[in-house]
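Written below as structure tokens is the structure these notes are about.
Please treat every number below as a calculation from the coordinates, not as lab data. Bear in mind that the values here come from a model prediction, so they are computed numbers and not experimental data. Neighbour counts are summed over all protein chains in view; Cβ atoms, including those assigned to glycine, are modelled from backbone coordinates with ideal geometry.
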């Protein structure tokens, strides 16, 4: 009987300890420990053509190309955009969209804008905002999305503020 009581107390203590660890790990700032997506997504030429036909289609394609877990991997302080490097200057009419709307991402906004030509997107820019921080995930075109994005580029490149 005494042995069973001792085992029961140990079990209760272990459950409490595990619950405390789980609670601790969920507190504070969001960390970049999310495992990388299995595969960076390239888009076929046919799918890219469809995606560049409308703002909604471009949003859908970019959400598949950039899942939240990949954005969290990319957006470390060292990879913030260096404003000495030009971002896309979009010509009118300009299309805009927001990715992962209604999803808790840990960011203020994940948004894109695009120049258009002949009623279709021509070039786009995709960025992430959190407070004063801004990350330029990528700028691209219909041809460019046929290559997979780079979720974890070298932060020492000069177009990032963390370069040395």
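Nearest 0.05, what FRET efficiency do residue 57 and residue 89 give at R0 = 22 Å with Cβ-Cβ as r? Could the numbers behind the result be given before it?
Working: r = 23 Å, r/R0 = 1.05.
Here the calculated transfer efficiency is 0.45.
How long are the semi-axes of the equivalent ellipsoid of the stretch 93-132, taking √(5λ) for every eigenvalue λ of the Cα gyration tensor, in whole Å from largest down? Provide the component values of the computation, followed by the final result.
Working: eigenvalues 115, 21, 7 Å².
With the √(5λ) rule applied to the stretch 93-132, the semi-axes are 24, 10, 6 Å.
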> By count of other Cβ within 10 Å, fewest leading, how are 142, 63, 78 ordered?
Replying inline: 78, 63, 142
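Please compute the contact order of the stretch 41-159 in relative form: average sequence separation of alpha-carbon pairs under 8 Å and at least six residues apart, divided by the residue count, as a percent. Let's see the in-between values first.
On the way: 196 pairs, mean separation 38.2, N = 119.
For the stretch 41-159, the relative contact order is 32 percent.
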>> What value in Å³ per residue do you get for the convex hull of the alpha-carbon atoms in the stretch 41-159?
In response: 102
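Give me the orientation-averaged projected area of the Cα convex hull of the stretch 39-111, in nm², one decimal. Provide the component values of the computation, followed by the final result.
Details: hull surface 25.2 nm².
So the Cα hull casts an average projection of 6.3 nm².
Determine, from the Cβ-Cβ distance of residue 118 and residue 159 and an R0 of 25 Å, the FRET efficiency 1/(1 + (r/R0)^6), rounded to the nearest 0.05.
Details: r = 30 Å, r/R0 = 1.20.
The formula returns an efficiency of 0.25 here.
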> At what distance in nm do the modelled label points of residue 96 and residue 64 sit from each other, each positioned 7 Å from its Cα along Cα→Cβ?
Replying inline: 2.6
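Assuming R0 = 35 Å, can you tell me the calculated FRET efficiency for the pair residue 47 and residue 78, based on Cβ-Cβ distance, to the nearest 0.05?
Working: r = 32 Å, r/R0 = 0.92.
With R0 = 35 Å, the Cβ-Cβ based efficiency is 0.60.
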